[in-house]
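The block underneath contains the structure these notes are about, expressed in structure tokens.
The values are calculated or read from the model by the stated rules, or taken from the named source; none is laboratory data. Note that the structure is a prediction, hence the values are computed from the model and not measured. We place every Cβ from the backbone using ideal geometry, glycine too, and count neighbours over all the protein chains shown.
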């Protein structure tokens, strides 16, 4: 972000997109470090939005859910040592991860198209939603834009 901001500030246009995860909003046992990293990504993204939106720059965070990517495959490395004290909390998550690789409902190609469409729409819209959730496992019953704080950092659009 730091490297591209000077080039974006000069013409007063551009969009920064950071990728987070739906895991930043849901706290799954056994995913504490992952969720914390994604929360930090969202924090810096939404803070940057408040700093640069008056300059005509757009900033958004994409929160993908479960997509058929390598996330649950070789990319997902759990601790080698299983601790009995966590069998009831972390254990089910560990077992679920073993079964999900390649079976996730989300289509990454479709998500990519939606992200491109969203950025194009934001280029002509007054304000882009700060959070873009996509995937079959996003919170249900929350379609459309949900309003957050008055500055727009909490606005969400779910695909």
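Residues that are part of a loop (DSSP other than H, G, I, E, B) and modelled with pLDDT of 90 or more within the stretch 1-12 comprise 3, 4, 10, 11, 12, listed in sequence order.
Table: residues versus (1) closer than 22 Å to residue 115 by Cα; (2) in contact with a strand residue (DSSP E or B) (Cβ under 9 Å, 6 or more places away or on another chain); (3) modelled with pLDDT of 90 or more.
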residue: 23; (1), (2), (3): yes, yes, no
residue: 30; (1), (2), (3): no, no, no
residue: 44; (1), (2), (3): yes, yes, yes
residue: 51; (1), (2), (3): no, yes, yes
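For the stretch 17-28, a residue qualifies if it is surrounded by 13 or more Cβ atoms within 10 Å (Cβ to Cβ) and more than 13 Å from the chain's Cα centre (by Cα), and exactly one does: 28.
Taking the criterion of being modelled with pLDDT of 75 or more and loosely packed, with under 11 Cβ neighbours inside 10 Å, the only residue of the stretch 91-109 that qualifies is 109. Each residue in the stretch 36-60 was checked for being surrounded by 19 or more Cβ atoms within 10 Å (Cβ to Cβ) and within 12 Å of the chain's Cα centre (by Cα), and 5 pass. For the stretch 1-16, a residue qualifies if it is surrounded by fewer than 17 Cβ atoms within 10 Å (Cβ to Cβ) and closer than 24 Å to residue 111 by Cβ, and the qualifying residues are 1, 4, 15. For the stretch 72-87, the count of residues that are over 23 Å from residue 120 (Cβ atoms), modelled with pLDDT of 85 or more and surrounded by 12 or more Cβ atoms within 10 Å (Cβ to Cβ) is at least one.
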